[in-house]
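**Q** After the C-alpha cells below, expect a handful of questions from me.
Read-outs throughout are calculated quantities, based only on the coordinates presented, and are distinct from any laboratory measurement. The structure presented is a predicted model; accordingly, all values stated were derived computationally and were not measured. Neighbour counts are summed over all protein chains in view; Cβ atoms, including those assigned to glycine, are modelled from backbone coordinates with ideal geometry.
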Amino acid sequence: MTSSPVTRARDRAARAAVEVRLEGLSRHYGPVVALDRLDLTLEPGQLVALLGPSGCGKTTTLRLLAGLEDADAGRVVIGGRDLTHVPANKRDMGMVFQAYSLFPHMTVRQNVAFGLRLRRVGAAERDQRALEMLDLVGLAEQASRYPHQLSGGQQQRVALARALAIEPQVLLLDEPLSALDAKVRAQLRDEIRRIQLEVGITTLFVTHDQEEALAIADRVGVMREGHLEQLAPPTEVYSRPATSFVAEFVGLTNRLAGEVRAGQLTVRGCTLPLVERDTPDGQVVALVRPEAVTMVSHDAPESGPLVGTVIAVTFLGATSRVTVDLGDATIMAQLPTADASALPAGSRVALTIRPDPVLVSASSSPAVSMAGDET
Amino acid sequence: MAAVTALSETPATSAGRPRGMQARRRRRLNIFRYVVFIVLGLFFVLPLLALLRFSLEGAKLGTWSATAWRQIASYQNTGIPPLLSAIEITLELAIITCAVMLVLLVPTMIWVRLRVRWLDRTIEFLCLLPLTIPAIVLVVGLGPIYNKIQHFSLSSLMLFWIYVVLALPYAYRALAAGLSGIDVTTLSEAARSLGASWFTVIVRVIAPNMRQGILNAVLLSWATVFGEFTIAYLLLYTNLQVELYSISRNTPNAGVLFATSFAALIFTFALLLILSYAGRARRGRR
Amino acid sequence: MAVAATTKTGARPVRAGHRLSAPAWLGTVPFLAYVAIFLLWPTGIVVVDAFKNPNGAWAFSNFTELFNPLVRGYFIGSFKLCVFSSLVGAVLGALLAYAVASGDPDGVVRRLYLSASGVLGQFGGVTLAFAFLVLIGPVGLLFHASWYFDFPWGIGLIYIYFEIPLMVLVFLPAIDGLKIQWREASENLGSSAWQYWRYVGGPLLMPAFLGGTLLLFAAALSAYATIQAWENQVAYVVPQQISTALSSEVGLSNVNVADLLALGMVILMAIVMTGYALLQRRAARWLR
C-alpha cells in the first residue's frame, strides 16, 4: 500500500521545502504602478500573509508568482531556480482563488483529480489520491457531488484539496475566505493553517483582513502602493509597527496631539518613550494603541488632560472598548470588561497611557482614526 | 464577465515593447480576432454594399444616379399599390404592434412576477411558442380567423393581431432580461406601503425601471414587423416586404427595390446602435 | 367603514379592507385570451384539419400522405438545406462570438457587432435575396457564382448570412459566462491552452453550442420568404410546398394537405425546440 498523499507531501516538503524569492519585481498598468521593485523572501515551509488595502499590490504579487501575469522587471526564484520566464502551467504551484474556481461540470472528485489527470496519472490511482485529499479536508462523502450542491466553505475546501493534490512546491491563496460568512471564515482559516503545517508547504496567503493575517501567518507582510512596509511575525507587526501606516492599518490606533522636546514625547500630560529616538522637536501626532490606555479612577475624578465622559462602550468579549470624550479630542481605551462595566455612558473617568514606545505620524489633524476597521 | 481579460492594452516595459508569455498569448488572440472580424465583416458588408451600389445605378450599367432613391416617394406600378403607401402601412403596423405588445406583455409580466409566480413558466412557454410554430404554419390556421376579421376591416393594418404574436418571443426575452435586473417585489412592496394602487406600481414604479428592456423589446418587435413577408403575402395583404416582392416580380432590377431595402436596414441598425449606447449612459451615471 | 378602492384595470380588483378579492391570476387573462385566440386556436385548427378531408369528414388516412415519396422529397430537401446552413452558421457564429466576447466589454467593436447581429438576424426574406442576387447572381457585382441557383448551396449561403448573427446572439452569453477563474485554475493545475479547451472550456460550452445549432436549424426550417424570393419557380422545401398546397390553382386547393405538412413541420419543430430548451437549461446552470 502506497503511503497517503499527506505523508508523501510531508516527506517531499521535508526533503525539499522550497524557498521562494521575489527580487525586484515591478509591474505597472499604463501609468499606474502596481508593484515597485518588490523584494520578498519566503522561508521554506513558512506561511507568509500579505496584508494591505485594495490596490496595494498584494494580489499582483501573488499573480506574478503564479505566472498568471508577466512582470515588467525582476525575478521569481523558487528553490534556487529562476522561474521568471516559465509559463504558469509549468510552475508547479497550487492556487486557491477567491471564488468560483471549481469546474461546474465535474464532480468534486473529478475536480480534485484534474491536475493528476493532466499529469497522466492512471484513473484508479487518480481517484484514490483524490479521495485521500478530500479526506484531508474532511469532505470525502461529498466526492460524487457537483460544486453547485456545496456551500461556499465546502467549495473552498475542495479547491484546497485540488491545489494540494498535485503536490506542488508552493501553495498560493488569493483571499480564499473573503467570500464566506464570518463564522465559516474563522473555522476554515484555522483549518487551512492546520493543513499547511501538516503538509509543511511554503505558502503565500493574500488577504485584506488583518485578523486573518495575524491569526495564521508565520510572518505578515504589510503592503502599500506597491511597497512592502514591514515583513515580520504577527506580534511584531502589531506591537512594534515599523511605520505609521502599519500602525494605523493594523489594529486600532488613537491619534493624539503631542509634543516632542529633546527626544521626549509628551502626550496629554503623559511622558512616553519614542520608537524613533531622534525625532525632531515640535508638534506631532502620536499613535497610541487602545490597549495602552488604562483607567485610573472613575469616581468623580478631578479634571485633567486625560479625564473625560464616556460616550460608548463596545463589548468585545473578554475586553471592551470604551470611547471617551476628552473635550477637545476623543480617545479609545481597551479595558477588561469587568472594569468597563462600571462605566455607563455619561459617567466620568480618568485615564492614563502606559509608557510603551510610541510612533509618531507625519500627518496632521489628530482625529481618532478607526483605521483598523478598514476591510 | 468576458472569457478572457480585456485586451485593449498590453502593458509595456520601460523599453516600450511588451514581453512575457501572457503578452504573447494576448497578441496571438488579437490576431485571431482581427482575422475573424475582417473576414466575416466583409461577408456581412459586401451584400449590403451591393444593395447600395445597385440602388445608385443609372440607366446604363456602370453609371451612377440617385433616381432610385428619389423614386421611393413616388414609385407606382400597375396593379400594385404605390410604394410609399406600403411603407406608410408598415410604419403604422409597426407602431400599433409595438404599442399593443407593450400593453399586453409589460403589465402581465410584472403582475406574474409579483403575484402569480406559479404562472411564470407557463407564460414563458407561451411566449416562446411562436418560435416553434413557423409563420407558414400559422397562416394555414389563420384562414378562418382572418375571414372573421375581414368582416370588420379589410385594411392591412389588421395584420397587427398576428404580428404581436410573432414578436412575442423576442419581446419576452428582452423584457425578461430587463425585469431580472430589478427587485420587483421590494419596489412594489415599498410603493404599496406608501399607498400606491397596483396600476401605479406597474406603470409608475416598475416600468420606468425597465426602460432598457422595454426599448429592446420595441426595437425587436419593430424589426420583426418590417421584415415580415410570409403571413402578409399568403393572406393577400400588402406590406413593405410584399410590395418589394411584387415589384421584383414585375421589374426585377428596379433600383428602388435596393434603395428601400438598404434604407430600412440602415435605419434599424442605427437605432440598435444608439440604443446600446443609451444603455451604457444609464449605467455610467450611477 | 372600508371603502372599496378599485383600480383602473377592472380585471384585478383589490378592495381595501375586504378579505375577499379576486384571485390574482385573473390579471393574466387578457394575455392568455390573446394568445389563445391568435396562437393556440390557429395551431389547433392546423392539427385538427390535418386529419380531415375537404368535405369535413375525418380522414386519418391523410397521415399516409406524409410518407408519399414526393412529400418525403420536400422534407429531405428541407433537411439538407437546414443541416448545411445551421452547421456552417453555428461554427462561424461561434468563432465570431468568441472574437467579440474576448474584447473590451464596453468597446465599439462589441457594440457594432452586437447591433449588427440584432439587425441581420432578422434581416431575411425578400431584401436578403435581392442583396445576394446583385452580389453574386447572373449580373453580380462581385462575380457570377454559377452555383447561385443550385440547391442547397446558393440558398444555403443566403441562410448562413442570417444564421451567423443569430448564433452570435444566442452563444455570446454562454462565452461571457465562462469565468476567468476556470481558465486560470486550469492553467495553474498544469493544463496547456488545448487541454483547457478540451477538458474545461469545450465541455462547458457544448450545451450552448448544440442548443444554438438547433435554434439555427429551426430558423432555417421555418424560413419561407427568403427561399421564395430566391427562386420561386421550383419548390424545394416544405414551406414552399405548403404555400403551393394553399394556393394551388389546379382544381380545389388542398388545404388539408397543407395542414398535414404543417403538422409535420410542427412536430419536427417541437422536437428541435425541446432539445434546444433542455440544452439551454444545462448551459444556464453552469454558466450563469
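**Q** What number does the stretch C:121-256 give for Rg over Rh if you use C-alpha atoms and the Kirkwood radius? Intermediate results must be reported in sequence, preceding the final value.
**A** Working: Rg = 21.0 Å, Rh = 17.9 Å.
So for the stretch C:121-256, dividing Rg by the Kirkwood Rh gives 1.17.
**Q** Expressed as a fraction of 2.2 N^0.38 Å, the rule-of-thumb size for a compact globular protein of N residues, what is the C-alpha radius of gyration of chain A? Mind showing how you got there, number by number?
**A** On the way: Rg = 24.5 Å, N = 375, 2.2 N^0.38 = 20.9 Å.
The value comes to 1.17.
**Q** Would you mind checking the pairs C:Lys52/C:Lys80; B:Lys148/C:Lys52; A:Lys58/A:Lys183 and listing those with alpha carbons more than 27 angstrom apart?
**A** Working: C:Lys52/C:Lys80 30 Å; B:Lys148/C:Lys52 22 Å; A:Lys58/A:Lys183 25 Å.
Long pairs (Cα-Cα over 27 Å): C:Lys52/C:Lys80.
**Q** Would you mind working out the magnitude of the charge dipole of the stretch C:45-150 relative to its Cα centre, with +1 at each Lys and Arg C-beta and -1 at each Asp and Glu C-beta, to the nearest 20 Debye?
**A** My answer is approximately 80 debye.
**Q** Still on this structure, please answer the following. Can you figure out the FRET efficiency of B:Ile72 with A:Asp356, using R₀ = 60 Å and their beta-carbon distance, to the nearest 0.05? Can you show the working numbers first?
**A** Numbers: r = 88 Å, r/R0 = 1.47.
Step by step, r from the Cβ atoms, then E = 0.10.
**Q** While we're here: In whole Å, what are the Cα extents of the stretch B:91-143 along the three principal axes, biggest one first?
**A** 36, 26, 16
**Q** Which number do you get for Rg(Cα) / (2.2 N^0.38 Å) in the stretch C:35-179? Mind showing how you got there, number by number?
**A** Details: Rg = 20.7 Å, N = 145, 2.2 N^0.38 = 14.6 Å.
The stretch C:35-179 yields a ratio of 1.42.
**Q** Just subtract the alpha-carbon distance of A:Ser144 and A:Glu276 from 0.36 nm times their residue separation and send over the number in nm, one decimal. If you can, show how the numbers build up before the last one.
**A** Working: separation 132, 0.36 × 132 = 47.52 nm, distance 5.93 nm.
Computed gain between A:Ser144 and A:Glu276 is 41.6 nm.
**Q** Now a separate question. Return the distance in nm (one decimal) between the two label points of a simple spin-label model at A:Leu316 and B:Ala270, each offset 7 Å from Cα along Cα→Cβ.
**A** 6.5 nm
**Q** In nanometres, what is the gap between the two model label sites at C:Ala193 and B:Phe32, each 7 Å from Cα along Cα-to-Cβ?
**A** Spacing of the two 7 Å Cα→Cβ label points: 0.5 nm.
**Q** Per residue Cα convex hull volume for the protein assembly as shown, in cubic angstrom? Mind dumping the intermediate values first?
**A** Working: hull volume 244.1 nm³, N = 949.
Value for the protein assembly as shown: 257 Å³ per residue.
**Q** May I ask for the percentage of alpha-carbon pairs in the stretch A:277-354 that lie more than 17 Å from each other?
**A** Details: 1276 of 3003 pairs.
Tail fraction, whole percent: 42.
**Q** Another one. Just how large is the dipole of the protein assembly as shown about the Cα centre, in debye to the nearest 20, putting +1 at every Lys and Arg Cβ and -1 at every Asp and Glu Cβ? Kindly include the intermediate steps, with their values, before the conclusion.
**A** Numbers: 80 positive and 66 negative charges, 297 e Å.
Roughly 1420 debye, rounded to the nearest 20.
**Q** Which of rounded, prolate, oblate describes the stretch A:77-147, given a ≥ b ≥ c as roots of the alpha-carbon gyration tensor eigenvalues and a/c under 1.5 marking rounded, otherwise prolate only if a/b is larger than b/c?
**A** Values: a/c = 2.17, a/b = 1.75, b/c = 1.24.
Since a/c reaches 1.5 and a/b is larger than b/c, the shape of the stretch A:77-147 is classed as prolate.
**Q** While we're looking at this one, here's another question. Percent antiparallel among DSSP beta bridges with both residues in the protein assembly as shown, to the nearest 5? Kindly include the intermediate steps, with their values, before the conclusion.
**A** Working: 59 of 78 bridges.
Taking every DSSP beta bridge within the protein assembly as shown, about 75 percent pair in antiparallel fashion.
**Q** Sticking with this structure for a sec: Which value in Å is the Kirkwood Rh of the stretch B:127-286 over different Cα pairs? Write down the numbers at each step before the final one.
**A** Details: mean 1/r = 0.0539 Å⁻¹.
The answer is 18.5 Å.
**Q** Considering only C:Ala99, C:Ala245, C:Ala57, give the residue with the highest GNM mean-square fluctuation for chain C, with springs between Cα atoms whenever their separation is below 10 Å.
**A** For chain C, modelled as a Gaussian network with Cα springs under 10 Å, the answer is C:Ala57.
**Q** Over chain B, with a single point scatterer placed on each C-alpha, what log10 of the ratio I(q)/I(0) does the Debye formula yield at q = 0.12, 0.15, 0.16 1/Å?
**A** With one equal scatterer per Cα and no solvent, log10 I(q)/I(0) is -0.98, -1.20, -1.26.
**Q** Mind telling me which of C:Gly154, C:Gly89, C:Gly107 comes out most flexible in a GNM of chain C, alpha-carbon contacts under 10 Å?
**A** Largest GNM mean-square fluctuation: C:Gly107.
**Q** If you average the sequence gap of Cα pairs under 8 Å that are 6 or more apart and divide by the length of chain C, what percent do you get for the contact order? Mind showing how you got there, number by number?
**A** On the way: 333 pairs, mean separation 70.4, N = 288.
The normalised contact order for chain C reaches 24 percent.
**Q** Okay, next question. How large is log10 I(q)/I(0) at q = 0.06 Å⁻¹ when the Debye formula is applied to the Cα atoms of chain C, each weighted equally and without solvent?
**A** Debye intensities relative to I(0), on a log10 scale: -0.31.
**Q** Once a ≥ b ≥ c are taken as the square roots of the eigenvalues of the Cα gyration tensor of the stretch A:105-177, is the result rounded (a/c under 1.5), prolate (a/b larger than b/c) or oblate (a/b not larger than b/c)? All intermediate terms of the calculation are to be shown ahead of the outcome.
**A** On the way: a/c = 1.76, a/b = 1.16, b/c = 1.52.
In terms of gyration-tensor shape, oblate.
**Q** Measure off 7 Å from each Cα along the Cα-to-Cβ vector at C:Ile180 and C:Val48, then give the distance between these two points in nanometres to one decimal.
**A** My value for the distance between the label points is 5.9 nm.
**Q** Mind jotting down the distance between the C-alpha centroids of the stretch C:267-284 and the stretch C:193-244, whole Å?
**A** 13 Å
**Q** Could you work out the Rg to Rh ratio of the stretch A:169-323, with Rh taken as the Kirkwood radius (inverse of the mean 1/r over all Cα pairs)?
**A** Working: Rg = 19.5 Å, Rh = 18.6 Å.
My calculation puts Rg/Rh at 1.05.
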